[in-house]
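Student: The structure follows.
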Amino acid sequence: MKGELRLGMVRRVRMGMALAGLLAVGIPWAGLAAGSGTFAVTLTARNMAFDQTTLTVPAGAAVTLHFVNSDSGIPHNVAIYETSAAATVIFQGKLIPGRQSITYTFTAPTRPGTYFFRCDVHPSTMTGVLDVTAAGG
Ligand SMILES: [Cu+2]
C-alpha cells in the first residue's frame, strides 16, 4: 500500500516535468496550436448592424468568436445556421445585453461552403454569410 502511494507520487512528478517541458518551448508550441485548427474572429454589433457581413473560417476549425455588442440597452447575439431559412442550427450564441462582449466558441462545419449567420433578435436586418474554406487551403 505504501509502495503504491510512492509510485503515484513519482508519476505525478514526472507528469509535472513533462508539462514544464512543454511550457519551456512555449513559442513553437503556440505556433503549432494555431496551425492545427484554432481560429479567432471578432464581430461587432453597432447601430443595429454587424460591422462585417462575411466571416471566413477554415473547415472544422475550433473557432473563437469575440462578439462585441456596442448598442446600449439592446440585446444581440450571433447564431449560425445551415441556410438563411434558419432551420438547422450550427451554433447559437447566447443573447448579450449592450454594451458587453463575449467570447463564443464553436466548431466550424467540416464541409466547406457558405452558411448563414444572424442576430436572432433582429433576424431580418442583422445577417451575414459564414464562408467556410477548405482546411489548409
Ligand atoms: Cu440584434
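Student: Please work out which residue is nearest to the ligand (Cβ to nearest atom), limiting yourself to the range 123-137 and to residues that are closer than 13 Å to A86 by Cβ and crowded, with 18+ Cβ neighbours inside 10 Å.
Tutor: In this case the residue turns out to be M126.
Student: In the range 104-111, is there at least one residue being in contact with a His (Cβ under 9 Å, 6 or more places away or on another chain) and of a type in the set (D, E, K, R)?
Tutor: Taking every residue of the range 104-111 in turn, none turns out to be in contact with a His (Cβ under 9 Å, 6 or more places away or on another chain) and of a type in the set (D, E, K, R).
Student: Residue by residue through the range 46-85, note down the ones that are within 14 Å of the ligand (Cβ to nearest atom), among the small types (G, A, S) and under 11 Å from T127 (Cα atoms).
Tutor: Matches in the range 46-85: A49, A79.
Student: Residues of the range 95-114 being out of contact with any Phe, Trp or Tyr (no Cβ under 8 Å at 6 or more places or on another chain) and within 16 Å of the ligand (Cβ to nearest atom), which ones?
Tutor: Across the range 95-114, the qualifying residues are L95, P97, G98, R99, Q100.
Read-outs throughout are calculated quantities, based only on the coordinates presented, and are distinct from any laboratory measurement. Note that this is a predicted model, so its numbers are computed, not measured. Every residue, glycine among them, receives a Cβ derived from its backbone with ideal geometry; neighbour counts consider all protein chains shown.
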